[in-house]
Structures are given as structure tokens and as C-alpha cells.
Amino acid sequence: MQLLFVDTETTGVNYLESQIIEIAGLVVNLDEATLEFSEIDKFSSLVSLRQTLDPKITRITGITELELATAQKLLIVQEKRASWLENYSDIQAIIGHSIDFELNFLKRESWYLPPEAKIIDTLDLAKIFLPQYSAINLEFLQNKLNLVPISDSNHVQLSHRALYDASVCYLLLKKIVKEISNLNLRQKFLELLGLYI
């Protein structure tokens, strides 16, 4: 099955007042028989700024107003992303860490989402399968589990950027699946996915 990991960077936390300034997607194949993952493709783009950028957002993400001034407009990025996703007609799940945050922004700005895809939140999975950790935000789990995406020559991956965080979320799901396999809970995991998928 194909899985779509999504992440965004935004101008704030309130989706009714803020906007997406960066969006990323990572398409991964999950072999249901072996629970093996393989990365297929990725997408990442800045989105032109339509409001003031709080300097705090620049400190967190490294994204500057100057970069956003030259970024493509919302509709153009939306079209490019939708066109990219057309190549993957078998996406069965949209995955993210605290995925409701991303979905609220994506729906508010009318970004295309695969219509038949179900939602998987790695935050919920971490609560169940990684109970030994007191905090389960993505940055904490990344540090505790040493989840470091491998960058490539075409895209430098930076922490607190959309593609980097989507990649960390992917590595987190792989880690959770490995833990489940070690505990001989493979069938339980598939049943749990059945609840989401």
C-alpha cells in the first residue's frame, strides 16, 4: 500500500488566521506481507507569503521573508503538488505527527488530499507502542530514537522544515513497526491499522 507522509510549516498555530509557508510530502510503499517500507518519491515547496512573518517563525524554521517573497504563489504550488500526487493513485493513508494540525491548514486552504485515503497519526501510535517515553512530540522522539533522515544532493534537509519533519515521521513509523515486530504483535498492528485504514 502507498502511504503519504505530510508536513507543513506555517505562520502560526491558528489555521483560521495563519497560512502555510512550506509544504512537503513523502510517498512510501508498505508491503503488507513483510511490513517492509520503501521510499518512492518526495515533494517540497515554499509558498509565497500573504501576511506578516513573525520573526519567531524564522528563528524556528530558518525560513525568511526574502525567501517567501520569491516563492511561488499558493495556487501554483497547489497545482504542482496535485499534479505530483496524480502519479500515485494507490495512496491509502495520509500520515503525520499530530496530523490534525496539518489537515486543518490543508483543508482551510483547499489543498488536494487523496479522497479515499484514511488518516494515521503517529502521535497516537507513539502513545500506544512507545509508552516508555514521557513526551511524544516529534522532536523529542527524534532525539530519543536517533531518527535522522539521510539528506541527498538534490535537497539539503534541515530540522524544523517540512520535508525533514515528514521524513522523521516516516522513520518514526518504521521504528514503531520494528518494535511491534520484535514483540510479535504484527497481527495486532495490522488490526490497529485496520482501525485507521
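Worth pointing out:
- Top positive-direction residue, dipole computed over the chain with Cβ charges, set Ile128, Thr34, Ser181: Ile128
- DSSP bridge pairs, the chain: antiparallel proportion in percent, nearest 5: 70 percent
- Averaged per residue, the chain has 52 square angstrom of accessible surface, using a 1.4 angstrom probe with ligands and nucleic acids left out.
- For the chain, relative contact order (Cα pairs under 8 Å, six or more residues apart, normalised by length) works out to 24 percent.
- Percent antiparallel among DSSP beta bridges (both partners in the stretch 1-116, rounded to 5): 85 percent
- FRET efficiency, Val148 to Asn29 (Cβ-Cβ, R0 25 Å, nearest 0.05): 0.70
- Given charges at beta-carbon only (K, R positive; D, E negative), |dipole| of the chain in Debye: 340 debye
- Rounded, prolate or oblate (a/c below 1.5 giving rounded, otherwise prolate when a/b exceeds b/c) for the stretch 1-102 by Cα gyration tensor: prolate
- The calculated 222 nm mean residue ellipticity attributable to helices in the chain amounts to -12500 deg cm²/dmol, summing -39500 (n - 2.57) over DSSP H runs of n ≥ 4 and dividing by all residues.
- [x] 111; [y] 124; [z] 233, with the label sought being that of the calculated volume of the Cα convex hull per residue in Å³: [y]
The values are calculated or read from the model by the stated rules, or taken from the named source; none is laboratory data. In this text the structure is predicted, and so the values were computed from the model without any measurement. Don't worry about glycine lacking a Cβ; one is built from the backbone with ideal geometry, like all the others, and counts go over all protein chains shown. Only protein heavy atoms, including side chains, enter the accessible area calculation; ligands, DNA and RNA are left aside. Shrake-Rupley method; radii C 1.70, N 1.55, O 1.52, S 1.80 Å.
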